[in-house]
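Please treat every number below as a calculation from the coordinates, not as lab data. These figures come from a predicted structure and were not determined experimentally. Ideal geometry is used to build each Cβ from the backbone, glycine not excepted, and the neighbour counts take in all protein chains shown.
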Amino acid sequence: MKTFKTRQAIRKYLNEHPQLSVGFAPTMGALHNGHLSLIKRSKSENDITVCSIFVNPTQFNDPADLEKYPRPIEADMAKLESAGCDILFAPEVSEMYDDNEQWHLDIGPVEHLLEGEFRPGHYQGVMQIVFKLLDVVKPHNLYMGQKDYQQFLVVQRMVELLNLQVDMVMCPIEREADGLAMSSRNVHLSDTERKRALVLSKTLNYIKDHFDVSREAELEEQAMEMLAAEEGVEPEYFRIVDGKTLYPATPASTSVVALTAAKVGKTRLIDNVLIY
Ligand code: PAF
């Protein structure tokens with residue numbers, strides 16, 4: 001695997017291989033099997049696979065969260081090597097941002113619902129960095145996880161509105177054997193908290209099994225009660241929404257997704273399930 005730290009160096013390398021198709025998986029490191037599934041999918045569909053590791057400061061609302069975000073770079077590199085990743089792009093913050101960048105994009109409501117209510121500005125930071133990374137890597141295919149379903153829609157809307165030349169591929173959530181969605185934040189959970197966190201996937205599955213579009217509000221309320229009943233778990237939201245707009249699902253919705261966020265101890269987790 002080749003590692004590049006500057007935009008210029010990775011661009012020079014990719015420019016030397018213009019005939020090869022490029023797949024790209026942006027990450028913030030602390031890699032788990034969810035990330036590696038993006039790499040594997042990209043490898044099966046492209047000539048070259050690029051992964052970026054960059055803990056993006058502009059998408060953190062809480063400086064303490066940024067500070068404690070895990071950064072196991074050596075272990076990450078070993079995982080990428082064994083997954084067969086071709087290129088790692090791991091820039092410093094100063095390589096990606098000027099001191100005082102203020103620009104933002106108005107992509108409409110999809111940014112402001114759900115996570116947007118609880119993490120204002122978060123998706124502006126995501127769009128800034130994904131835009132900059134796409135500009136550097138210029139991939140044919142962009143691989144992102146279903147785990148942050150709203151993030152996928154936000155980036156998809158940005159790609160549409162700016163007419164960026166990239167195809168987006170959503171890869172399914174990878175779960176531990178007991179159902180816990182893989183997340184870089186899971187390392188912060190104590191053994192007890194980890195067991196308590198299972199209430200997220202259990203509640204999502206319960207709602208999927210009992211879904212009825214005419215009982216949506218009632219089911220959301222029931223799900224919030226199920227989450228809150230677990231000791232040490234503080235639910236932020238549980239919503240059943242149209243998979244394209246993130247507005248409440250209607251009988252006309254062609255895809256429906258249930259999404260939740262909850263604090264387990266001090267760790268904030270998100271999870272979701274596609275109902276159809
Ligand atoms: O999903 C993530 O890990 C990040 O939000 C992303 C897409 C790498 C942007 O920093």
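At full extension, residue 45 and residue 95 could sit 15.1 nm farther apart than now, given 0.36 nm per residue minus the alpha carbon distance.
Annotation for the range 4-69 versus the range 123-192: alpha-carbon center distance of 11 Å.
Quick check: from the Cα gyration tensor, does the range 8-71 come out rounded (a/c under 1.5), prolate or oblate? Cα axes put the range 8-71 in the oblate bin. If R0 is 35 Å, the Cβ-Cβ spacing of residue 74 and residue 102 corresponds to a FRET efficiency of close to 0.50. Based on the convex hull around the alpha carbon atoms, the range 150-232 presents an average projected area of 7.8 nm². 3J(HN,Hα) along the range 174-189: 8, 10, 5, 4, 8, x, 5, 5, 5, 7, 5, 7, 4, 5, 7, 7 Hz, from the Karplus curve 6.51 cos²θ - 1.76 cosθ + 1.60 with θ = phi - 60°, whole Hz, x for Gly and Pro. Calculated FRET efficiency, residue 21 to residue 218, Cβ-Cβ distance, R0 = 41 Å: about 0.30 to the nearest 0.05.
In the elastic network of the chain, a GNM with C-alpha springs shorter than 10 Å, the most mobile of 253, 214, 52 is 214. Computed over the alpha carbons of the range 70-179, Rg followed by Dmax gives 15.5, 44 Å. Summary of the geometry: the range 237-266 and the range 201-223, compared by the centres of their Cα atoms, lie 10 Å apart.
Tell me the relative contact order for the range 114-215 as a rounded percent, counting alpha carbon contacts under 8 Å between residues six or more apart. Present the calculation step by step, with values, prior to reporting the outcome.
Values: 66 pairs, mean separation 21.0, N = 102.
21 percent.
By DSSP, the beta bridges lying fully in the range 137-276 are antiparallel in about 80 percent of cases. Diffusion coefficient (Stokes-Einstein, Kirkwood radius over C-alpha pairs, 37 °C, 0.692 mPa s) for the chain: 168 µm²/s, rounded to a whole number. Total lysine pairs in the range 1-137 at Cα distances under 26 Å, for residues eight or more apart or on different chains: 21.
Return the loop-located GluC sites (Glu not before Pro) in the range 180-271 (DSSP other than H, G, I, E, B) with at most 16 other Cβ atoms within 10 Å of their own Cβ; answer none if there are none. Walk me through the numbers before you get to the answer.
Working: sites: 193, 216, 218, 220, 221, 225, 230, 231, 236; in loops: 230, 231.
Here the GluC sites (Glu not before Pro) that fit, given the DSSP loop and packing criteria, are 231.
Shown here for the range 11-79: GluC sites (Glu not before Pro) in loop regions (DSSP other than H, G, I, E, B) with at most 14 other Cβ atoms within 10 Å, namely 16. Each residue in 62, 106 was given a count of other beta-carbon atoms within 10 angstrom of its own, and listing them fewest first yields 106, 62. As a proxy for reagent exposure, 154, 169, 110 were ordered by neighbouring Cβ count within 10 angstrom, fewest first; the result is 169, 110, 154. As a rough footprinting exposure proxy, the listed residues 274, 134 were ranked by other beta carbons within 10 Å of their own, and the order from fewest upward is 274, 134.
Within the listed set 261, 90, 229, the Gaussian network model of the chain (springs between alpha-carbon atoms below 10 Å) gives the highest mean-square fluctuation for 229.
Relative contact order for the chain: 17 percent, from Cα pairs under 8 Å spaced at least 6 residues apart, divided by residue count.
To the nearest 0.05, how large is the calculated FRET efficiency for residue 195 and residue 33 if R₀ is 22 Å and r is the Cβ-Cβ distance?
Working: r = 20 Å, r/R0 = 0.91.
Using R0 = 22 Å, I get an efficiency of 0.65.
Distance between the pseudo-spin-label points of residue 9 and residue 231 (7 Å out from Cα toward the beta carbon): 5.1 nm.
If you bin all the Cα-Cα distances of the range 1-147 at 10 Å, starting from zero, the percentages per bin are 10, 40, 36, 13, 0. Modelled spin labels at residue 165 and residue 64, positioned 7 Å past Cα toward Cβ, are 4.7 nm from each other.
Here the extension length gained between residue 210 and residue 250 equals 12.8 nm, from 0.36 nm per residue of separation less the Cα-Cα distance. Dipole of the range 199-243 computed with +1 at Lys/Arg Cβ and -1 at Asp/Glu Cβ about the Cα centre; of 206, 223, 233, farthest Cα towards the positive end is 206.
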